[in-house]
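Everything below concerns the one structure shown next.
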Number of protein chains: 2
Amino acid sequence: MSLALDGFDLKLLRVLQDNAALTNQEIGERIGLSASQVSRRRQRLEQDGVIRRYRATLDPDALGLGVTAYVGVTLGAHSRENARRFREMVTAMPEVQEAHTLTGDVDYMLKVVVKDLKALSRVINDELLPHEAVQNVRSSIAMETLKDDNSLPLS
Amino acid sequence: MSLALDGFDLKLLRVLQDNAALTNQEIGERIGLSASQVSRRRQRLEQDGVIRRYRATLDPDALGLGVTAYVGVTLGAHSRENARRFREMVTAMPEVQEAHTLTGDVDYMLKVVVKDLKALSRVINDELLPHEAVQNVRSSIAMETLKDDNSLPLS
DNA sequence: AGTGAAAAACAATGGCG
DNA sequence: CGCCATTGTTTTTCACT
């Protein structure tokens, strides 16, 4: 069920997605709304779950996290139990930013962020590959990141 | 020039990365610091660029964005100018959440979020493929997303 | 390094046009 | 929806340890 979002809502979401540190007053100036209306709409959008959360975006380099990699994982035995345990492991791994099952020849695609190549190797060889469900792992390292903001397109 | 982050800083970053809507008072209670110190440390971390920004995380489903895909792009003519124009295009495309150059057989990997498969097809066939630098495009659709929080691991 | 209290800024609500 | 006023929170600064 799709909620009714009007133009103000979309503008508000666009601003908040880009910068949630602005005051309601400042947001209002940008989208043409009074601060009190911004407040009310925000609350509604939070209530309705359109806004999931607010978070700080950190700088990976400042934290010594220099390596981003995409790791494709192919499972061997496709038992329900094996898959479940693999998913549990992956979900709990802090180095894994994203994990999806994909169409195509690879079962899972992981986005991994670690300090250096040694740490990547540790993740792959000491965590992923030893898992009994895992048959094959193939990683590609991000050499350059053009864009990494994960901003949703708001029509 | 790695900045010196102590245990309090790491705890603070961990909390803020997870929930930036907490008050300094609440954060202080969690990490064992007074609100004023939380405020002071936050400002320093923002100043130093460890905290890049604050943003709202939106719910893709609530916004009618049902399809996430990874799109691998191979360039044909590897001229400097072609590559530059491709990067400009990709950076400007709102459907593209992430774009990296990768090691391996694919030149670029894009994470794309769109409304439906028709919209994905439009992005691929009407935007990516017609670009003169692009030789080949291969997309995999995320069937299930186990994790998508892009939280950095803080040792 | 840290605390606690005061001052300033802000968010949230209600009433009215 | 704008505007205004009010109330309660929250952030930030300052004095002090």
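The values are calculated or read from the model by the stated rules, or taken from the named source; none is laboratory data. Since the model is a prediction, treat every value here as computed from it, not as a measurement. Here Cβ is always computed from backbone atoms with ideal geometry, including for glycine, and neighbour counts include all displayed protein chains. Side chains are part of the model used for accessible areas, which takes the heavy atoms of the whole protein and leaves out ligands, DNA and RNA. Shrake-Rupley method; radii C 1.70, N 1.55, O 1.52, S 1.80 Å.
Tell me whether segment B:44-67 contains one or more residues that are away from DNA strand C (no atom under 16 Å from the Cβ) and farther than 30 Å from residue A:23 by Cβ. Yes, because at least one residue in segment B:44-67 is away from DNA strand C (no atom under 16 Å from the Cβ) and farther than 30 Å from residue A:23 by Cβ.
Scanning segment A:77-94 for residues being open to solvent by 30 Å² or more (accessible area, probe 1.4 Å) and either facing another protein chain (nearest Cβ under 9 Å) or more than 15 Å from the chain's Cα centre (by Cα) (or both) gives a total of 12. Could you list, in sequence order, the residues of segment B:132-155 that are in contact (Cβ under 8 Å) with a residue 60 or more places away in the chain and not in a strand (DSSP E or B)? Scanning segment B:132-155 gives B:151, B:152, B:154, B:155. If the condition is being open to solvent by 50 Å² or more (accessible area, probe 1.4 Å) and under 26 Å from the mean Cα position of the chain (by Cα), then segment A:20-33 contributes A:21, A:23. Look at segment B:40-54: where a residue is more than 9 Å from chain A (Cβ to nearest Cβ) and a partner is surrounded by fewer than 19 Cβ atoms within 10 Å (Cβ to Cβ), sitting 6+ places away or on another chain with Cβ atoms under 7 Å, you get B:41/B:8. Only one of the numbered conditions (1) touching a residue at least 12 places away in the same chain (Cβ under 8 Å); (2) open to solvent by less than 20 Å² (accessible area, probe 1.4 Å); (3) facing chain A (nearest Cβ under 7 Å) is not met by residue B:108, and that is (3). Scanning segment A:135-144 for residues that are at the interface with chain B (Cβ under 7 Å from one of its Cβ atoms) and open to solvent by 70 Å² or more (accessible area, probe 1.4 Å) yields A:143, A:144. Taken over segment B:1-19, the criterion of being open to solvent by 70 Å² or more (accessible area, probe 1.4 Å) and either near DNA strand D (Cβ under 8 Å from one of its atoms) or modelled with pLDDT under 95 (or both) is satisfied by B:1, B:2, B:4.
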